[in-house]
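The structure appears right after this line, and notes come after that.
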Amino acid sequence: MRQALDQLEVATCGQGFTRLNTQLNSWVAATGLQLGVLHLTCLHTSCSLTINENADPRVLQDLQAWMNAVVPQDGRGPLDAHGQRSRYLHDDEGDDDMPAHIRTALTAQTLTLSVDRGRLLLGTWQGIYLWEHRHAGTLMQLSLHLIGE
Amino acid sequence: MRQALDQLEVATCGQGFTRLNTQLNSWVAATGLQLGVLHLTCLHTSCSLTINENADPRVLQDLQAWMNAVVPQDGRGPLDAHGQRSRYLHDDEGDDDMPAHIRTALTAQTLTLSVDRGRLLLGTWQGIYLWEHRHAGTLMQLSLHLIGE
Amino acid sequence: MRQALDQLEVATCGQGFTRLNTQLNSWVAATGLQLGVLHLTCLHTSCSLTINENADPRVLQDLQAWMNAVVPQDGRGPLDAHGQRSRYLHDDEGDDDMPAHIRTALTAQTLTLSVDRGRLLLGTWQGIYLWEHRHAGTLMQLSLHLIGE
């Protein structure tokens, strides 16, 4: 049993999804490990790692729309039980920053996946996505950590 | 240290929860491994793996009701900050399909658990559940991957 | 490759966040393992493990306020798509109990982190928090499980 640890830089183009399956499978193949567990950490607090449907792009549009409705980006929080909305206190970095922190808490900044026969073990319709929550694109750092043989 | 990898088929009876603790503990026992980490992947994008209270069935009813309120299933999204609701774009597979994709993004399709003395290391009140988000029951495939000794 | 398994007791002071980075790094250092994967399990169904911004305390206040708005604590669920609210069925343990179960389902009770050079591999702004969802403080048990070398 051995380990491989590396860092992957992902350029995002603003709010939305970047599919990672191909890059992750290439990296796993390069390690030479056939069977193991791959642990991913997104080293930021404004984007998520998520698994979702990889076929119809409207799925990701609807997912983004749901998030925009329930974690709004106009400087104020969601409708509460009394139909009121309060202002976010943390607003120094723009109206899309605090919502990004909330969105990462509702989804995940880490993801653990099985590797079998040198590839990610996933269902047919499962895509792995980096979900950027901020409006401006940036470079995101992911750590890739595989334990296996 | 060694690995065991297998697949478990779980029959769901429509929207709701199937407790997995007994099946998972039996599988762990069969591997002969005493101490390790078990990684589960649900190979679908319409059901989740979740941990919740295992004693009062009304907990799961309330959890389902919360989800139904915040991720509605009538073909339209939730109330946004302005009290409006937009239609889902992805609706080819029925009104319960897009909400299922959103629900999996809010919960998890993978779960990693510790194993100690040949059993899952959990709190007294923790049940492991497969949470089916669609109305029709189906057969779900889970991958079980244990690394340990 | 070897394993270390231990339990950490965390005292919470009611609803809110307890940062764990220092305690976790001390424990990792004591194991002597330099490179590996640390798996945490919170052995309860009313608190979460979450990663968020560690600099401005107002981030955690806003995150708590979002949760309080969308998973209310007055004995009734959130506003549904029709602007209605239903009562929780499970209310024997107080009005903050069922919301705590829902909040753990939306976040996570387990967390897996990379360890490199004997320390947690995290981004500059990432804090690891135990998020207590109930009003009364209590003692929470976490299991710490490291596989590495």
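Only one of these is among the hydroxyl-bearing types (S, T, Y), out of contact with any Lys or Arg (no Cβ under 7 Å at 6 or more places or on another chain) and facing chain B (nearest Cβ under 10 Å): A:T138, A:T110. Name it. Working first, answer last.
Details: A:T138 fails: facing chain B (nearest Cβ under 10 Å).
Unique residue meeting the criteria: A:T110.
Anything in region A:40-56 that is more than 29 Å from B:Y88 (Cβ to Cβ) and not in a loop (DSSP other than H, G, I, E, B)? List them, or say none.
Within region A:40-56, A:T41 is the sole residue that qualifies.
What residue, of B:A29, B:A69, is modelled with pLDDT of 95 or more, touching an Asp or Glu at 6+ places or on another chain (Cβ under 6 Å) and of a type outside the set (V, I, T)? It would help to see each step written out before you state the result.
Numbers: B:A29 fails: touching an Asp or Glu at 6+ places or on another chain (Cβ under 6 Å).
Among B:A29, B:A69, only B:A69 is modelled with pLDDT of 95 or more, touching an Asp or Glu at 6+ places or on another chain (Cβ under 6 Å) and of a type outside the set (V, I, T).
Report yes if some residue within region C:98-115 is touching an Asp or Glu at 6+ places or on another chain (Cβ under 9 Å), under 21 Å from B:I51 (Cβ atoms) and free of Cβ contacts under 8 Å to residues at least 24 places away in the same chain; otherwise report no.
Looking for residues that are touching an Asp or Glu at 6+ places or on another chain (Cβ under 9 Å), under 21 Å from B:I51 (Cβ atoms) and free of Cβ contacts under 8 Å to residues at least 24 places away in the same chain, one finds at least one in region C:98-115, hence yes.
Kindly indicate whether A:T41 is in contact with a Phe, Trp or Tyr (Cβ under 7 Å, 6 or more places away or on another chain), surrounded by 18 or more Cβ atoms within 10 Å (Cβ to Cβ) and at pLDDT 95 or above.
It is false that A:T41 is in contact with a Phe, Trp or Tyr (Cβ under 7 Å, 6 or more places away or on another chain), surrounded by 18 or more Cβ atoms within 10 Å (Cβ to Cβ) and at pLDDT 95 or above.
Does A:T22 qualify as being of a type in the set (V, I, T) and within 30 Å of C:Q3 (Cβ to Cβ)? Before the answer, list the steps.
On the way: of a type in the set (V, I, T): yes; within 30 Å of C:Q3 (Cβ to Cβ): no.
For A:T22, the condition - of a type in the set (V, I, T) and within 30 Å of C:Q3 (Cβ to Cβ) - is not met.
So, in region A:72-81, how many residues would count as being within 7 Å of another protein chain (Cβ to nearest Cβ) and either surrounded by 24 or more Cβ atoms within 10 Å (Cβ to Cβ) or touching a helix residue (DSSP H, G or I) at 6+ places or on another chain (Cβ under 6 Å) (or both)?
Counting residues in region A:72-81 that are within 7 Å of another protein chain (Cβ to nearest Cβ) and either surrounded by 24 or more Cβ atoms within 10 Å (Cβ to Cβ) or touching a helix residue (DSSP H, G or I) at 6+ places or on another chain (Cβ under 6 Å) (or both) gives 3.
State the number of residues belonging to region B:116-125 that are more than 7 Å from chain C (Cβ to nearest Cβ) and under 27 Å from B:D56 (Cβ atoms).
Kept after step one, since they are more than 7 Å from chain C (Cβ to nearest Cβ), are these residues of region B:116-125: B:117-120, B:124.
Still in the list and also under 27 Å from B:D56 (Cβ atoms): B:119-120, B:124.
Summing the residues that are more than 7 Å from chain C (Cβ to nearest Cβ) and under 27 Å from B:D56 (Cβ atoms) in region B:116-125 gives 3.
Look through C:V37, C:V59, C:V10 and report the one residue that is touching a strand residue (DSSP E or B) at 6+ places or on another chain (Cβ under 6 Å) and in a helix (DSSP H, G or I).
Details: C:V37 fails: in a helix (DSSP H, G or I); C:V10 fails: in a helix (DSSP H, G or I).
Testing whether each residue is touching a strand residue (DSSP E or B) at 6+ places or on another chain (Cβ under 6 Å) and in a helix (DSSP H, G or I) leaves just C:V59.
Hey, does region C:82-102 have a residue that's more than 8 Å from every other protein chain (Cβ to nearest Cβ) and within 30 Å of C:A29 (Cα to Cα)? Break it down into steps so the answer makes sense when it comes.
Residues of region C:82-102 that are more than 8 Å from every other protein chain (Cβ to nearest Cβ), as a first pass: C:82, C:84, C:87, C:91, C:93-97, C:99-100.
Filter once more, so that each one left must be within 30 Å of C:A29 (Cα to Cα): none.
No, because not a single residue in region C:82-102 is more than 8 Å from every other protein chain (Cβ to nearest Cβ) and within 30 Å of C:A29 (Cα to Cα).
For region C:38-69: of the residues being within 15 Å of C:Q15 (Cβ to Cβ) and facing another protein chain (nearest Cβ under 7 Å), which is farthest from the chain's Cα centre (by Cα)?
Only one residue tops the list, namely C:A69.
From C:L35, C:L20, which residue is crowded, with 17+ Cβ neighbours inside 10 Å and either under 15 Å from the mean Cα position of the chain (by Cα) or β-branched (V, I, T) (or both)? Show your work before the answer.
Details: C:L35 fails: either under 15 Å from the mean Cα position of the chain (by Cα) or β-branched (V, I, T) (or both).
Of the residues listed, the single one that is crowded, with 17+ Cβ neighbours inside 10 Å and either under 15 Å from the mean Cα position of the chain (by Cα) or β-branched (V, I, T) (or both) is C:L20.
Test C:G32 against the criterion of being more than 18 Å from A:I102 (Cβ to Cβ), more than 11 Å from chain B (Cβ to nearest Cβ) and either small (G, A, S) or touching a His at 6+ places or on another chain (Cβ under 6 Å) (or both), and give yes or no. Talk me through it step by step, then tell me what you get.
Values: more than 18 Å from A:I102 (Cβ to Cβ): yes; more than 11 Å from chain B (Cβ to nearest Cβ): yes; either small (G, A, S) or touching a His at 6+ places or on another chain (Cβ under 6 Å) (or both): yes.
So C:G32 fits the description; yes.
State the number of residues belonging to region B:35-67 that are touching a helix residue (DSSP H, G or I) at 6+ places or on another chain (Cβ under 9 Å) and of a type outside the set (A, V, I, L, M, F, W, C).
Here the count works out to 11.
For residues in region A:110-120 being buried (at least 20 other Cβ atoms within 10 Å of the Cβ) and farther than 17 Å from B:T104 by Cβ, which is farthest from the chain's Cα centre (by Cα)?
Result: A:V115.
Within region B:128-149, take every residue that is farther than 16 Å from B:C42 by Cβ and surrounded by 20 or more Cβ atoms within 10 Å (Cβ to Cβ) and give me the one that is farthest from the chain's Cα centre (by Cα). If you could, list the steps in order and put the result at the bottom.
So the first thing to find is which residues in region B:128-149 are farther than 16 Å from B:C42 by Cβ, and the list is B:135-136, B:146-149.
Those still in the list that are surrounded by 20 or more Cβ atoms within 10 Å (Cβ to Cβ) too: B:146-148.
Values: B:L146: 18, B:I147: 21, B:G148: 24 Å.
Per the stated criteria, the residue is B:G148.
When you scan region C:85-100, do you find a residue that is within 19 Å of the chain's Cα centre (by Cα) and among the aliphatic types (A, V, I, L, M), even just one?
Of region C:85-100, the ones within 19 Å of the chain's Cα centre (by Cα) are C:96-100.
Subset that is among the aliphatic types (A, V, I, L, M): C:98, C:100.
Yes: one or more hits.
The values are calculated or read from the model by the stated rules, or taken from the named source; none is laboratory data. As the structure is a prediction and not an experimental result, all values here were calculated from the model. Here Cβ is always computed from backbone atoms with ideal geometry, including for glycine, and neighbour counts include all displayed protein chains.
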